[in-house]
Amino acid sequence: MAEGPNLAGLLEKIRSRDAVIGIVGLGYVGLPLALAAAKKGFRVVGFDINSGCVVELNAGKTPLKHIPADEIKAAIRARLFEATDEFSRLSEPDAIIVCVPTPLGQHREPDLTFVEGTMEAIAKALRPGQLISLESTTYPGTTSKICRPILEKSGLRSVRDFYLAYSPEREDPGNLDFTTHSIPKVVGADGPEALRLALALYGSIADRVVPVSSLETAEAVKISENVFRAVNIALVNELKMVYFRMGVDIFEVIEAAKTKPFGFMPFYPGPGLGGHCIPIDPFYLSWKARAYGVNTKFIELAGEINADMPRWVIDRIANVLNGRTRKSLSCARILIVGVAYKKNIGDVRESPALTIMQLLKERGAEVEFHDPHVLAIPPTRDHSRLAGLRSIHLTPSIIAAYDIAVIIADHDNVDWHMLVKSAPAIVDTRNVLKRLGFEEEKIVIA
């Protein structure tokens, strides 16, 4: 087979860092990737439909608290990063990496609107010799059966005229142990030439690349990772409820069990799942599996168990209020500590805290929150009534005025000592207080 258009030339541009990289979607995946590429010496053009985000980034400001503004400013000063909302410029990059959201629809069906819209925009500007790589999590077959046909509306053909790849994102916001460049990149592509280019590109950014045999295999890798986590978290959430009835501390069980040097991997229960990956991605696979006549029972059951966790927390709050303060939810003042879906970040996507707050409000409780990483709750599709609520400042007297405090996110920069000293009762869904050595009777695990 003859080489595609200027394969050797693009490989050399990647190796010499002369290739321009375009990244579509400057959120939790795209922005860290853009900065990682800039640090390796590539010039990066970031594309985003949010013009406000574009202006903020070009001014050297960070839209994400866990991404230091200094990193953005350094890339701008070196003339290695700029952001734009002008998608007509998609012809400029030699390689385009797509990092846009893949949410669920109202009936838990895949919503590929952002992926399809991005591919339509790329198709309008596509030129021979470009490499297009999708990173958005999706079901196997998306890149070849949805993205490729859209791109080929340009009149150009994958393999013959342009190169197509898939490399699943593996970002873990707030994780200081693993960064964009240190997390291995799995890469699949449409043909051996596209694979060579994609491996060269990602190998220039990440410490390790892992080639797989096809686009579909690469897509399946990411979705399998998240199914694995969803099912195991559902298991420990179910064990939590069983052991509670038995008077056994699930967290103590897990800490002891993980001392076994083989055959056990610790997962931890919580108030429900949050973020973009685990609550959403498994249902992409279960939806697609139905087209092949397969019912994914484990995935569906895991989803049900994890989705029920906020109601379990509500029941625990109600029991603690009734037993310790003789109050019902309808007349209680409740402080939620942490509304982000995980510790030390400001991301509230799919956060169980929002579901818990809404359920509490529906039952008549007065609810406020404190989160050092979330100044105000942004608009969300499912919790519009909470939009605009602002984080309150905590003092001993303010904490004492609530009937109960409920810990949803165990941020490091919360004054846990003040909370324990001042709160009349505490429901801890993360076991943070016991881990820190607090043993007061008023602390209840949920």
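A short reminder: the numbers here are calculations on the coordinates, not readings from a lab. Only a predicted model underlies this, so the values are computations on that prediction, with no experimental measurement involved. When we count neighbours, we look across all protein chains shown, and the Cβ atoms used for this are built from the backbone with ideal geometry, even at glycine.
Odds and ends about this structure:
- Top of 291, 37, 59 by mean-square fluctuation, Gaussian network on the chain, Cα under 10 Å: 291
- Over the chain, the reciprocal of the mean inverse Cα-Cα separation, the Kirkwood hydrodynamic radius, stands at 23.5 Å.
- Rel. contact order, % - alpha carbon contacts under 8 angstrom, at least six apart, the range 81-227: 22
- Net charge dipole, the range 91-184: roughly 480 debye, given to the nearest 20, about the Cα centre with Cβ charges of +1 for Lys and Arg and -1 for Asp and Glu.
- Once the Cα gyration tensor of the range 228-286 is diagonalised, semi-axes √(5λ) in Å: 23, 15, 9
- Share antiparallel - DSSP beta bridges, the chain, percent rounded to 5: 10
- Rg in Å to one decimal, and Dmax rounded to a whole Å, for the range 376-446 via C-alpha atoms: 13.5, 39
- Relative contact order for the chain, counting Cα pairs under 8 Å that sit 6 or more residues apart, in percent: 11
- Members of 258/442; 361/421; 40/73; 65/222 lying beyond 22 Å, as alpha-carbon distances in this model show: 258/442; 361/421; 65/222
- Over the chain: helical MRE at 222 nm, DSSP H runs n ≥ 4 each giving -39500 (n - 2.57), nearest 500: -11500 deg cm²/dmol
- Size descriptor, Kirkwood hydrodynamic radius, that averages inverse alpha-carbon separations across the range 138-217, Å: 13.4
- Spin-label pair residue 262-residue 109: with each label point 7 Å from Cα along the Cα-Cβ axis, the two points sit 4.8 nm from one another.
- When the chain is treated as a Gaussian network with alpha carbon springs shorter than 10 Å, the biggest mean-square fluctuation among 374, 24, 248 belongs to 248.
- Report note on the peptides 346-352, 252-258: ranked by the mean count of other C-beta atoms within 10 Å, highest first, their order is 346-352, 252-258.
- Overall, the ratio between the Cα radius of gyration of the range 317-444 and 2.2 N^0.38 Å, rounded to two decimals, is 0.98.
- Fraction of antiparallel bridges per DSSP, the range 298-446 only, in percent to nearest 5: 5
- Cα-derived Rg over Rh, computed across the range 57-178 with Rh taken as Kirkwood radius: 1.00
- With coordinates expressed along the principal axes, the C-alpha atoms belonging to the range 1-101 extend over 48, 24, 19 Å, beginning with the largest.
- Over the range 199-253, the Kirkwood radius and the radius of gyration, each from Cα atoms, give a ratio Rg/Rh of 1.31.
- Distance between the range 1-70 and the range 147-187 - C-alpha centres, whole angstrom: 12
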